[in-house]
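Engineer: I'd like to ask you about the structure that follows.
Read-outs: derived from the displayed coordinates by stated rules, not from any lab. All figures in this text were calculated on a predicted structure; none of them were measured in a lab. Don't worry about glycine lacking a Cβ; one is built from the backbone with ideal geometry, like all the others, and counts go over all protein chains shown.
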Amino acid sequence: MSATANTGSRFKTLPAWLLLGLLACAAPLHAERESNFGRVILDQCDLIVLGVAGAQRVNASDLTRAELTLEQVLYGKDPKRALQVFYSDPATLKKDEAVRGLFALKAMSSGGYSLVGKPILVPESDVEQKDKLQVAKEFIALETDPEGEDRTQAFWKLLTSHVAQGGYAAQNAAVEFMFVARDRAGLITEDNFADLRKLIAASKGLTKQCQADLTLALQGMVEARVKSLKFKRVRRAEKAADRRAALDDLKELQKTWPRAFNEADAKLCDALYDTEKDAQAQNNLQDLSLEIRLAERDRKAEEERKAAEARKKIEHAGG
């Protein structure tokens, strides 16, 4: 039932984890599902259970079948019996080994259940098993609340609390924040983005992978929403000091996440330069435009270098 696997794999297909999605359009503030978990898992399943898949596996046409003994039902109607679970990739569950985990299941007309996504493994020895159960329960509870502003605010609050918690909860939150950047950019404000940056910097229980994923999510937020909010202040602020402050923010963001900026942003700087009356703001616009283009130039040069290396390897392999 791992929403992390489904979402993360899409990002990993991008070169060097770039382009965190073509994120230009902000989605509506409220949605039928608040979370990636809700959309990818809850919308696709009838049951979420904690259980043990028995060690015996049976081939059934192009599917593999396992018997699932239930320990706890987290979502859906309790069938009060062991279940037959079918899945297409034999590697999903280890062969000849009992597997304890959280399983998302879709009822089949034959009476069995198909597996939705990959199970979240929670062996008895797993020190994070309580966290995994709690995270699943909290997202299920969130998605069963009435749709609206209160639930949307609760969603962001839940994610930030999970980042502060660290461990598995933070890793899951990182994936959800990627989803926010990609599909729910309307949730992002300058203030909650700044608060999230501070929270991530202060959090002690983050693994290197989680830190990298959160950094990627922040980059996506800059690309999807934050930079446009900053540029909006440059365009509309009446006071030159406010416009300069917004430009300082943009320069810091570009320095931190250069890949979140592109030629269109450089051209916007050029256009704003032509209408700006404040000399310092003009200098800032000029500097930002230059830095964006220099970063773009360096990226293209690096891509060309890698492409040339790849061609050499192919030529060498071919003799």
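Engineer: Using all C-alpha to C-alpha distances in the chain, build P(r) with 10 Å bins and read off the rounded percent in each one.
Structural biologist: In order of increasing distance, the bins hold 5, 22, 26, 21, 15, 8, 3, 0 percent.
Engineer: How many nm is it between the label spots at Glu309 and Lys277, if each spot is 7 Å from the Cα in line with the beta carbon?
Structural biologist: So the label points at Glu309 and Lys277 sit 5.2 nm apart.
Engineer: Hey, another quick one. With the cut-off at 1.5 for a/c, could you classify the range 46-115 from its C-alpha gyration tensor as rounded, prolate or oblate? The partial results should precede the final answer.
Structural biologist: Numbers: a/c = 1.92, a/b = 1.31, b/c = 1.47.
It is oblate, given that a/c is not under 1.5 and a/b is not larger than b/c.
Engineer: Pop out the ³J(HN,Hα) list for the range 70-77 in order, Karplus 6.51 cos²θ - 1.76 cosθ + 1.60 with θ = phi - 60°, rounded to Hz; leave Gly and Pro as x.
Structural biologist: 8, 10, 7, 9, 8, 8, x, 7
Engineer: Which net charge results when you count Lys and Arg as +1 and Asp and Glu as -1 among the other residues whose beta-carbon is under 12 Å from that of Val85?
Structural biologist: Neighbour charge sum, excluding Val85 itself: +2.
Engineer: Determine ³J(HN,Hα), in whole Hz, for all residues of the range 97-107 in sequence, where each value follows from phi through the Karplus function 6.51 cos²θ - 1.76 cosθ + 1.60 and θ = phi - 60°; x replaces Gly and Pro.
Structural biologist: Listing the rounded values in order: 8, 5, 10, 9, x, 8, 10, 9, 10, 10, 5 Hz.
Engineer: Here is a further query. Add +1 for every Lys or Arg and -1 for every Asp or Glu among the other residues with Cβ under 10 Å from the Cβ of Asp145, and state the total.
Structural biologist: For residues surrounding Asp145, the net value is -3.
Engineer: On C-alpha positions alone, give me the angle between the axis of helix 279-317 and the longest principal axis of the chain, in degrees, nearest 10.
Structural biologist: Approximately 50 degrees, to the nearest ten.
Engineer: Follow-up. For the chain, take the longest principal axis of its alpha carbons; what is the angle in degrees between that and the long axis of helix 240-256, to the nearest 10 within 0 to 90?
Structural biologist: 50 degrees
Engineer: Along the range 111-124, what does the Karplus equation 6.51 cos²θ - 1.76 cosθ + 1.60 (θ = phi - 60°) give for ³J(HN,Hα), rounded to whole Hz, x for Gly and Pro?
Structural biologist: Ordered by residue, 3J(HN,Hα) equals x, x, 9, 9, 7, 9, x, 9, x, 8, 6, 9, x, 4 Hz.
Engineer: When the chain is fully extended, how far beyond the present Cα-Cα distance does Ala201 get from Thr215, taking 0.36 nm per residue of separation? Each step should come with its number before you reach the end.
Structural biologist: Numbers: separation 14, 0.36 × 14 = 5.04 nm, distance 1.03 nm.
Here the segment from Ala201 to Thr215 would lengthen by 4.0 nm.
Engineer: Would you work out the relative contact order for the chain, in percent, from Cα pairs under 8 angstrom that are 6 or more residues apart?
Structural biologist: 16 percent
Engineer: So what's Rg/Rh here for the range 104-221, counting alpha carbon atoms and using the Kirkwood radius for Rh?
Structural biologist: Values: Rg = 15.9 Å, Rh = 15.6 Å.
Ratio of gyration radius to Kirkwood radius: 1.01.
Engineer: Do you know the relative contact order of the range 63-116, to the nearest whole percent, from alpha carbon pairs under 8 angstrom that are 6+ apart?
Structural biologist: Dividing the mean separation by the residue count of the range 63-116 yields 34 percent.
Engineer: Counting each DSSP H run of 4 or more residues in the chain as -39500 (n - 2.57), what helix-only mean residue ellipticity at 222 nm follows after dividing by all residues, to the nearest 500 deg cm²/dmol?
Structural biologist: Taking each H run of at least 4 residues, the total per residue is -17500 deg cm²/dmol.
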